[in-house]
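This report concerns only the one structure given below.
FYI, it's all coordinate maths here, none of it is from the lab. Everything quoted here is computed from the prediction, not taken from an experiment. Positions of Cβ are generated from backbone atoms using ideal geometry, with glycine treated the same way; all protein chains shown enter the neighbour counts.
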Amino acid sequence: MTVPAKKPRPRRTFSAFGDVRRMPSEYEVMTHAQNWTTRSNRLAAFEQNPSSPANLWFLTYRENSPLQAEDWEQFRDPDSLTYRAYVSMQADAEAKTGGVLEEYAEAEADRALLPGQLALLRCLYTPSRYLVHGCQQIEAYVGYMAPTSYITNAAGFAAADFLRRVTLTAYRTRELQLAHPDSGIGESERRIWETDGSWQPARRAIEKALIAYDWGEAFTALNLVLAPTLDDVLIRQFREVSRDNGDQLSWLLASFLQADSDRRNRWSAALVSFCVEQQPGNEEALRRWIRRWTPIADEAAAGLGGLLQTRPERGHDASQVAAGARAAREAFHARVFEGLR
Amino acid sequence: MSLLRREEWQHFVRDVDWAFSYVDDEAVYPEWHSGTGKVPREAWLKWEEDYKVTYPEYVATQREKESAAYAVKAALQRSSSFDTLDEGWKSSTKMHFGGIALVEYAAMLGELKMARFGLNGAWRNMATFGQLDELRHSQITTFFGHEFVGKDPQYDWTQKTFHTNCWVPISLRNLFDGMMIAPNVVDLAIELPFTFETGFTNLQFVALSADALQSGDVNFANMISSIQTDEARHSQQGGPTLEILVEHDPVRAQWVIEKSFWGSARAFAALTGPAMDYYTPLEHRKQSYREFMEEWIIDQYIRTIQDYGLKKPWFWDEFMRGLDTWHHALHMGLWFWRPTIWWRPKAGVSKDEREWLREKYPNWEGVYGDKWDVIIDNINANNVEATLPETLPWLCNMCHLPACNPTQSRDGSWRVRDWSLKYDGKTHHFCTNACRQIWWKDRDNVNHETVIDRFLAGQIQPMDVSGILGYMGLTPDVMGDDPDYAAWTKDYVGRSATGLALAPAESEES
């Protein structure tokens, strides 16, 4: 055999992009088809016995998921996020957070908290790190199982965002503990999370979602139902209640976190549109999962609503909290599914 | 007033485990994903990383590193440094881009798995940083490799390699699927961050960074040394996991270490060995592959595992003997089957280079010299054709690399041995005794087809070299060839030659 002569025309980009007229963006170059377990013409995800446990797991929960697409590599994150952009953006965001924390510490703002607001921080805010850590785990699972690196990367960043939120909550827990050593803050979080009636529907929701192993269901349960619902309670409504009760710091910090939730919502919405465009049958699969998780999320919101009503001096009505969370989720779903028609 | 010190509050970030009430613990942490095995569930409460980091620290540090790495790249992009690089060195970089970029991504998937199934909250948090680190490495490597696709189509394999059925990525997928993405997280933390990252990646990253600087490739050195600075952080997941496993199940710990050490050693003999001892220009070589292995693996790694109370692996003697043969044999295989790879392997056996090889490997001439002499003489007789492959090498059922390791007989002669095993009505063949034994212990996972099995089963059509190259995804513009035959054959022009292949017409008559 002979080695044939070299082809003359130089390439402009990776052949994986096909014969493209448009040069792929930096985001696309760095993100496209990075996960070899999703390569085309594969016998199984892993270069192993096709019936190894890992291959069977991926066969069941990824390849045979009700969510199907002709070509997952066509999905794009609307934020086109790369690692470099992510750390740069979040370093700025954290510098801002750090600055605000320093300013309020200087002013000894925690000492001036109203007793009811302090109770709200103790019962609702500081124990939320357990819930958010559960979200971090589920998002990591979505990333692990996703059928394209375009989804995995977005989920990987979202998992890191949850860690950011846990970290900030932990920092605040310590500050509040130092300012109010007898409040129980810093000691009672796990007990509240595990036993307080107001938290139990939320804990049930996250525990159940941890074992939703179909990757599409895990994505739907967390990114389309639980997170949009509970973020509305724990970020938006908590922020408003904090403002109404003179806790400017909580109000500011929660507003900083909103950017992460908004970004997650953007790519999650884009993924829904993409799925339904790829295969009309995906809409029913998504709606079926949404129906399954909606009552679970509503119960969780109602439970936490009780805390927003009863703890602070100027609380919000629990039923209003639950209704607000439901409305926020429904508005999100309307945007997500409306774009399809 | 400044912010609270990390030590004051980080325990709250780490303390995020709770007892489940609405689902079973076993459902959230299934055995084959989480892999607690004989280790009592509560033993994982003790898991603690040595190297602590917080989210704000992480993003601030990483932003600085990213700016620096990309600034160097931007500055060098305007220079013509790439065009002046030696072809051998370029081959090392092609091998690296193609062989590593998507492995970094596989490591990201492994970290995501630990971020979900790790048995302690602090471990899952470390893995959440770890997945970001690995994403960084896959993105920077892919992006740097992409820059050269216009100059040389072989760089297209930066992204393409692992999407093909070329024998090299099949072998590497087999290894990395088994140690990075698919295993339970306890094994994974020992295989990936511990064995692979604190042991073997030093070979590729530290050694290659030095060689890159010697070869004048500042851009490449910049990239890999920046990547290496992240390892110290996420590789910390291995130690605490190993410590707990050794305490409760030392036999399993020993097995996990041994399996991943052996697989890594085989892969690095194929990847790093030829780059260090053949592709890097002679004047730029700092250490031989063997010397580097001795310093970074044999001394450091073994000391490390002994610190954990583990023994030297049972295959130690076979491994040590292989340091003088494996990568030389694999180099010859890569060179001979050069149309099946995405770089231009240079043979690197001029008289001066052979002198260096003899000095570093006293047995080299006796084992490999005569084979290269036959190749050299055929090339000098203008018969390059005779040095190109007509069929496939036998591939090992465990490592999927060519079964080409010679060992010395009692009479002093060197022979390539076949280690075979009958199982389930089929005879499997292995390149080494350890590959055979590891396959036997792990047979439920690793029992699957090599390229040879696929070829013999008729899955590759047509059943000839063109069919094989098509199956492997090699296109004519990418197939490897020696970049400069004269460079290593001209020293031998005019000597009396033996072993010349006959021209096809004559061979039919004979």
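Here are the numbers:
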quantity: Rg ratio (alpha-carbon, reference 2.2 N^0.38 Å) - segment A:103-170; calculated: 1.51
quantity: Cleavage-rule hits, trypsin sites (Lys or Arg not before Pro), segment B:328-372, DSSP coil, Cβ neighbours within 10 Å at most 12; calculated: none
quantity: Inter-centroid distance (Cα atoms) of segment B:232-292 relative to segment A:218-265, Å; calculated: 45 Å
quantity: For chain A, size of Cβ-based charge dipole, Lys and Arg +1, Asp and Glu -1, in debye; calculated: 1100 debye
quantity: GluC sites (Glu not before Pro) within segment B:344-450: DSSP coil, no more than 13 neighbouring Cβ in 10 Å; calculated: B:GLU390
quantity: Sites B:GLU365 and B:THR407 - FRET efficiency at Förster radius 25 Å, r taken between beta-carbons, to 0.05; calculated: 0.90
quantity: Rounded tilt (10° steps) of B:87-117 against the dominant C-alpha axis of chain B; calculated: 30 degrees
quantity: Rounded tilt (10° steps) of A:83-106 against the dominant C-alpha axis of chain A; calculated: 10 degrees
quantity: Under 16 Å from B:LYS90, Cα to Cα: lysines that are on another chain or at least 8 residues apart; calculated: B:LYS151, B:LYS346
quantity: Distance between segment B:96-149 and segment B:336-376 - C-alpha centres, whole angstrom; calculated: 35 Å
quantity: Förster radius 45 Å - calculated FRET efficiency between A:GLU194 and B:GLN300, Cβ distance, rounded to 0.05; calculated: 0.50
quantity: Semi-axes of the equivalent ellipsoid for segment B:111-182, Cα gyration tensor, largest first, Å; calculated: 29, 17, 6
quantity: The protein assembly as shown pair-distance distribution - Cα-Cα, 20 Å bins, rounded %; calculated: 15, 46, 29, 9, 1, 0
quantity: Rel. contact order, % - alpha carbon contacts under 8 angstrom, at least six apart, chain B; calculated: 17 percent
quantity: Helix axis angle, B:121-146 relative to chain B longest principal axis, alpha carbon, degrees; calculated: 30 degrees
quantity: Where labels lie 7 Å past Cα in the beta-carbon direction, separation of A:ALA323 and B:GLU42 in nm; calculated: 4.9 nm
quantity: Charge-dipole axis of segment A:80-338 as Lys and Arg at +1 and Asp and Glu at -1 on Cβ define it, positive-most pick from A:ILE185, A:CYS275, A:PRO127; calculated: A:CYS275
quantity: Cα→Cβ-extended label distance, 7 Å offset, between B:ASP25 and B:ASP444, nm; calculated: 2.3 nm
quantity: FRET E, pair B:ALA68, A:GLU313, Förster distance 30 Å, beta-carbon r, rounded to 0.05; calculated: 0.05
quantity: Net +/- balance of residues flanking A:MET145 in space, Cβ distance below 12 Å, scoring K and R +1, D and E -1; calculated: -1
quantity: Projected area averaged over orientations for segment A:80-338, convex hull of C-alpha atoms, nm²; calculated: 12.9 nm²
quantity: Cα-centre dipole for the protein assembly as shown with unit charges at Cβ (Lys and Arg positive, Asp and Glu negative), debye to 20; calculated: 900 debye
quantity: Sum of side-chain charges, A:GLU73 neighbourhood, beta-carbon under 15 Å (Lys, Arg +1; Asp, Glu -1); calculated: 0
quantity: Scattering curve values for segment B:60-178, log₁₀ I(q)/I(0), Debye with Cα scatterers, q = 0.10 Å⁻¹; calculated: -0.38
quantity: With at most 14 other Cβ atoms within 10 Å, longest stretch of chain A clear of loop GluC sites (Glu not before Pro) (DSSP); calculated: A:188-312
quantity: 37 °C / 0.692 mPa s Stokes-Einstein diffusion coefficient of segment B:380-510, Kirkwood radius on C-alpha pairs, µm²/s; calculated: 180 µm²/s
quantity: Positive dipole terminus of the protein assembly as shown, leading residue within B:SER260, B:ALA381, B:GLY366 (C-beta point charges); calculated: B:SER260
quantity: Inter-chain Cβ neighbour average for residues A:94-106, partner chain, 10 Å; calculated: 3
quantity: Helical contribution to [θ] at 222 nm, DSSP H n ≥ 4, -39,500 (n - 2.57), averaged over chain A, rounded to 500; calculated: -20000 deg cm²/dmol
quantity: Residue order, fewest to most beta carbons within 10 Å, for A:LEU308, A:LEU230; calculated: A:LEU230, A:LEU308
